[in-house]
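**Student:** Right, I'll just put the structure down here and ask away after.
The values are calculated or read from the model by the stated rules, or taken from the named source; none is laboratory data. Quick caveat, the model's predicted, so the values are computed rather than measured. Neighbour counts run over all protein chains shown; Cβ positions are idealised from the backbone, glycine included.
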Amino acid sequence: MPFWKRKARRRSKWPMTTVEAFAPAKINLTLHVTGQRADGYHLLDSLVVFSDVGDRLWLREGPEMRLEVSGPFATGVPTDARNLVWRAAELAGWRGEIRLEKNLPHGGGIGGGSSDAAAVLNALTAPEGAGLTLGADVPVCRVGGPVRMRGIGEDLAPVQDWPQMHAVLVNPGVHVPTPAVFARLTDKAQPEMTFEINGVGRGAAVDWLARQRNDLQEPAGALAPEIAEVLVMLEACDGAQLVRMSGSGSTCFAIFDGGAAARAAADALGDKQPGWWVQPCVFGGAGAG
């Protein structure tokens, strides 16, 4: 049964004190690797935005911790303290029942568990700064709007007036381990972004993005040839203005001029590759809803 048909029945079983949270897909529009610390952590410079596609959570306070996972990507998701959602709740000093609907593919470079954990921390109004111990992407996911992320993920600067963009997200169903991707990166001291984008219009923003990079795209593609296939198919879509991989892969995105072009491209790709995860979306602007 589709989620939208189950929603009313599910809510009727939970009291009005249930807290609902949305965990949007995190998109690294750029990802420059600028160095590596002595402890092995890589230094990044990345423009991050959040989409209107994501996971959903419901939290209800109770005497013990319980985690229930459903959704198209529920298989294999731990329902105990191995899950970042569980650990985020404990970090916030909270206990109860959590329902997590997994709509985002695993290991796809679009936040996933980090966004879920950030949504829990925000829903429980955990103190600012909580979350870095859960993973480098958790603090940026707590922002929820366009942001420049530097360092190992702790240096965050919101980007003002980043324009809303229509896009298509595609994941070919392959998992690319992040450590393996970084291990294949030969030059770990690339230049930072040229950053002059606050308040620019949509056209200028796309032009600026085209001059930036994802330094992990090539090494990730060497590990998973499916990424190159996705990029080629996105570039062939009518109206595609910019095509790139997000994060360490394997999800890729294409930016389009409008929602109709994005939806048409998503429909066409879905027909050609029914085994892939293909989603039209909107990102940028004031953040995901």
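**Student:** Within the set of pairs 6 or more residues apart or between chains, which connect a residue that is farther than 30 Å from residue 161 by Cα inside the stretch 205-231 to a residue that is surrounded by fewer than 21 Cβ atoms within 10 Å (Cβ to Cβ) with Cβ atoms less than 7 Å apart?
**Tutor:** Partner pairs satisfying both residue conditions: 219/184; 219/185; 221/228; 222/184; 223/180; 223/184; 224/174; 226/174.
**Student:** Here is a further query. Return the total of residues in the stretch 118-142 being in contact (Cβ under 8 Å) with a residue 60 or more places away in the chain and closer than 14 Å to residue 24 by Cβ.
**Tutor:** Residues that pass the stated criteria total 8.
**Student:** Of the residues 27, 110, only one is hydrophobic (A, V, I, L, M, F, W, C), under 18 Å from residue 135 (Cα atoms), part of a loop (DSSP other than H, G, I, E, B) and within 19 Å of the chain's Cα centre (by Cα); which?
**Tutor:** 110
**Student:** Go through the stretch 133-176 and tell me which strands (runs of 3 or more DSSP E), entirely inside it, have 2 or more residues that are of a type outside the set (Asp, Glu) and under 18 Å from residue 253 (Cβ atoms).
**Tutor:** 147-151, 165-171
**Student:** Only one of (1) closer than 16 Å to residue 107 by Cα; (2) crowded, with 22+ Cβ neighbours inside 10 Å is not met by residue 223, so which one is it?
**Tutor:** Going through the list (1) closer than 16 Å to residue 107 by Cα; (2) crowded, with 22+ Cβ neighbours inside 10 Å, residue 223 breaks only (2).
**Student:** Only one of these is in contact (Cβ under 8 Å) with a residue 40 or more places away in the chain, aliphatic (A, V, I, L, M) and more than 20 Å from residue 107 (Cβ to Cβ): 57, 91. Name it.
**Tutor:** After ruling out the rest, the residue left standing is 91.
**Student:** Among what's in the stretch 77-111 and is on the phi > 0 side of the Ramachandran plot and in contact with a strand residue (DSSP E or B) (Cβ under 6 Å, 6 or more places away or on another chain), pick the residue that is modelled with the lowest pLDDT.
**Tutor:** By that ranking, first place goes to 111.
**Student:** Here's another thing I want to ask about it. Out of the stretch 248-276, which residues are buried (at least 20 other Cβ atoms within 10 Å of the Cβ), farther than 24 Å from residue 200 by Cβ and of a type outside the set (Ser, Thr, Tyr)?
**Tutor:** 249, 265, 266, 269, listed by residue number.
**Student:** Residues being assigned to a helix (DSSP H, G or I) and surrounded by fewer than 17 Cβ atoms within 10 Å (Cβ to Cβ): count how many of those fall in the stretch 179-188.
**Tutor:** Of the stretch 179-188, the ones assigned to a helix (DSSP H, G or I) are 179-183.
From the residues that got through so far, the ones that are surrounded by fewer than 17 Cβ atoms within 10 Å (Cβ to Cβ) too are 179-180, 183.
Of the residues in the stretch 179-188, 3 are assigned to a helix (DSSP H, G or I) and surrounded by fewer than 17 Cβ atoms within 10 Å (Cβ to Cβ).
**Student:** Out of the stretch 246-265, which residues are in contact with a Cys (Cβ under 9 Å, 6 or more places away or on another chain), within 30 Å of residue 182 (Cα to Cα) and not polar (S, T, N, Q)?
**Tutor:** Residues of the stretch 246-265 that are in contact with a Cys (Cβ under 9 Å, 6 or more places away or on another chain), as a first pass: 246, 253-254, 256, 261-262, 264-265.
Okay, now just the ones that are also within 30 Å of residue 182 (Cα to Cα), so 246, 253-254, 256.
Within the stretch 246-265, 253, 254, 256 meet the criteria.
**Student:** For residue 242, state whether it is of a type outside the set (Ser, Thr, Tyr), in contact with a Ser or Thr (Cβ under 8 Å, 6 or more places away or on another chain) and within 27 Å of residue 157 (Cβ to Cβ).
**Tutor:** In short, no.
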